[in-house]
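I have placed the structure first, in the form of structure tokens, so that the comments after it can refer back to it.
Derivation of every value follows stated rules applied to the coordinates shown; laboratory data play no part. Every value quoted in this text rests on a predicted model; they were computed, and no experiment measured them. Neighbour counts run over all protein chains shown; Cβ positions are idealised from the backbone, glycine included.
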Amino acid sequence: MADIIEKNASQAVKLVGSDQSGNETNYLNVTSEGEIKISNFANISFVAANKNITATESLASVGGSNLANRKTLVIFNRGGQTVYYGPSGVTDLTGIAIEKDELISLPFGDNINVYLITKTGTSTVTIQELA
């Protein structure tokens, strides 16, 4: 370990993230007490919609794609059929069941695609995405 003189040891340090182009864009936030702010909760947007789920897989999203910067995905099965969730290609044998009147909350970002399917029939789910 190299010796650092006192003058250099007390200088400020800048912590920053960069985008794909290398531009510095994401600066670390610090409170007035000098504590690092960590945000793992939704603080940007909140969208919700009902969606009919059938035996053909459907993306668990409010729109045609996942909400940008999503931090949480909530699914509530308000229909009469069991709904199964999983990755693309999900079936009733590979997915995890969401029973009637059951709510699940998944800490999945917008890069994770979750698909929904029923074994037979149609079930209505309420989907909420939080960013």
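Brief remarks follow.
- Percentage relative contact order, the chain, counting C-alpha pairs under 8 Å, at least six apart: 32 percent
- Cβ-based net charge around GLU99, under 14 Å, with every Lys or Arg adding one and every Asp or Glu removing one: 0
- Taken as Cα centroids, the stretch 16-45 and the stretch 106-131 sit 28 Å apart, rounded to the nearest whole angstrom.
- Of TYR84, ASN111, ALA55, farthest towards positive along the dipole that unit charges on Lys, Arg, Asp, Glu beta carbons give the chain: ALA55
- Total charge dipole magnitude, the chain, about the Cα centre, Cβ charges on Lys, Arg, Asp, Glu only, Debye to nearest 20: 340 debye
- Using the Cα coordinates of the stretch 71-125, the gyration tensor eigenvalues translate into equivalent-ellipsoid semi-axes of 18, 14, 8 Å, sorted from longest to shortest.
- The chain: radius of gyration and largest Cα-Cα distance (Dmax), Å: 21.4, 72
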